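Structure first, commentary second.
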C-alpha cells in the first residue's frame, strides 16, 4: 500500500500500484488540482455565467445585481471549431489503408473529435484515449477527455504524452472517485472508496501511453498550448458587459426625460406623485406663495451614442484578438458583403484552422497506430503508417464560382486531374459525396463497356452461323 499526499485532496492511498506508478499518480493529481480553478474560470466565461463586475462609479446600486451575460468567449471557441471537418486517413490513394474506418464510425469519431476540439480551444488542450473494448463495445474504444477533468505529463524528448490521468467520476464535493491512469505499457482503472484507490489493470499490449493530446497553439515552453479565452478576451468581455449595463442605465433615464420646474409650490411634488408628473399627459401647477407662476423646462436629453461607440470599439478589439469577422459579433455594414469580402474577413481564422490541422496531424496519426496495435494485440507499429495522410475539408471558404474557375483551368492544363478525388475536394465536395460520385461513374463505365462488347459481338453472330454449313460442305466434298 502506497500513500501520496495531494494539496486540496484527501491523502491518497493506492492498493496494487508500484512506487513509480504511485509517484506518477501523485504528480498527475497535483497538476490537476493546481489547474482546476483556472479551468473552472474558463468554463464560467464560456457558459456566460461570469457575474457582472461593477466598478462602483456609474451604475446605480439598484442595477448592480442585474445578471448580465455576453457570449463572446463561446463565440471565440465555436467559430474555430466549426472550421474543422475531419475526413479520415489515406495512403497512396487508399482512403482507409489500415481498416480503422469501421472502428472510427462505431465510436462516432467525427462528433467525438469536434467535442474534443471544443475543449481544446476552451481549456488549451484535450485528450484522445484508446482502450480495449468490453463485451458489446467496439474492439477499440476512443474517447475524448477535456482538460477540466484530465491531467497529463509531457515527454519533451519523445514529444509524446508520458503519462495521463482522466477522472471519470467525482463525489458531491468534487473529489475524484473514479479515474483511469495511462502509463507506458499499462492502462489502470482506479476506483476510490474510503480514501483508498483500488486498481484494475486493463489490456495494453502496445507498450505505449494510449493517450494523444490535441493542443491549441503549443509552444516550446507550453506544450499543452493555451486557451482561446485569453486574458484579453476575458477583460474585453467584462468591459463590454459593463458598457451594456451603463447603456441600459442610460436607457432608463432616456425613457424618462428629466424636467425642472422653477417657482412651484413645495406641495406640488410629493413622493407619490413624482412618477405621475413624468408620465402624465397634463401637468397642472398652481402659483406659489408669492403668486408667481411656475416655469417648466426640460434638461437636454442624453445621447446613447457614447455607449454604443465604446461597445463597437470593444467588439473590434475582440475580433482582432480572436480573428473573427465583425459580423460574428453583430456589427454589419449597410451593404451586403461580396464573396471576396467574406473570404477576406475570415482569412485569418481560416489560417488559424489550417495551422491547427498541422498541429493535430501527428496526434491523429499516432491515434490511428494505437487503434491498429490495440486491435491486433501487437507492439509493432503498422508499416508505412507514418506516411499516411490526414484528410480534412479546407478551412478557407471559397465561393463556388472561384472554385469552379480554378478546377476548369487546372483540368485544361492536366486532363488527368478530372477524375481525382483531390480535385473534387477543391470543388468543395465532401468525402462522402466524392465516394458516391466515383462509385456511380465506375458503375456507368462498366455498363458502357458491356454495351460496347455486346454491340461488337452482334454482327459476328450471323456470319458465324453461315460459316458452319460451309465448313460441313467442304468436309463432305473432301470425303467424296
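Computed from the coordinates by the stated procedures, all read-outs in this text should not be read as laboratory data. These figures come from a predicted structure and were not determined experimentally. In this analysis, Cβ positions are derived from the backbone assuming ideal geometry, glycine residues included, and neighbour counts consider all displayed protein chains.
If you wrap the Cα atoms of segment 315-386 in a convex hull and average its projected area over all directions, you get 7.5 nm².
Order of 321, 200 from fewest to most other C-beta atoms within 10 Å? Intermediate results must be reported in sequence, preceding the final value.
Numbers: 321 17, 200 11.
Lowest to highest Cβ neighbour count: 200, 321.
For segment 391-446, the percent of C-alpha pairs falling in each 5 Å distance bin, counted from 0 to the bin holding the largest distance, reads 4, 19, 26, 24, 19, 6, 2, 0. Binning the alpha carbon pair distances of segment 93-214 at 5 angstrom intervals from zero yields the distribution 2, 10, 17, 21, 22, 16, 7, 2, 1, 0, 0, 0, expressed in whole percent. Label positions at residue 235 and residue 312, each projected 7 Å from the Cα along the C-beta direction, are separated by 2.3 nm. For segment 335-402, the relative contact order comes to 49 percent (Cα pairs under 8 Å, sequence separation of at least 6).
Solvent-free Debye calculation, one equal scatterer per alpha-carbon of segment 164-220: log10 I(q)/I(0) at 0.17, 0.29 Å⁻¹ equals -0.65, -1.11. Diffusion of segment 69-139 by Stokes-Einstein, at 10 °C in a medium of 1.306 mPa s and with Rh set to the Kirkwood radius over alpha-carbon pairs, works out to 111 µm²/s.
Got a sec? How would 49, 123 order by Cβ neighbour count within 10 Å, fewest to most?
Final ranking by Cβ density, sparse to dense: 49, 123.
The packing ranking of peptides 349-358, 227-236, 73-82, highest mean first, is 73-82, 227-236, 349-358, where packing means the average number of other beta carbon atoms within 10 angstrom of each residue. For residue 384 and residue 171, the difference between the fully extended length at 0.36 nm per residue and the C-alpha to C-alpha distance is 72.1 nm. Average 1/r across all pairs of distinct alpha carbons in segment 370-413, invert it, and you get the Kirkwood radius: 14.3 Å. So if R0 is 60 Å, what FRET efficiency would residue 331 and residue 445 give, r being the distance between their Cβ atoms, rounded to the nearest 0.05? After rounding to 0.05, the efficiency reads 0.70. Ranking of 441, 220 by neighbouring Cβ atoms within 10 Å, starting from the fewest: 220, 441.
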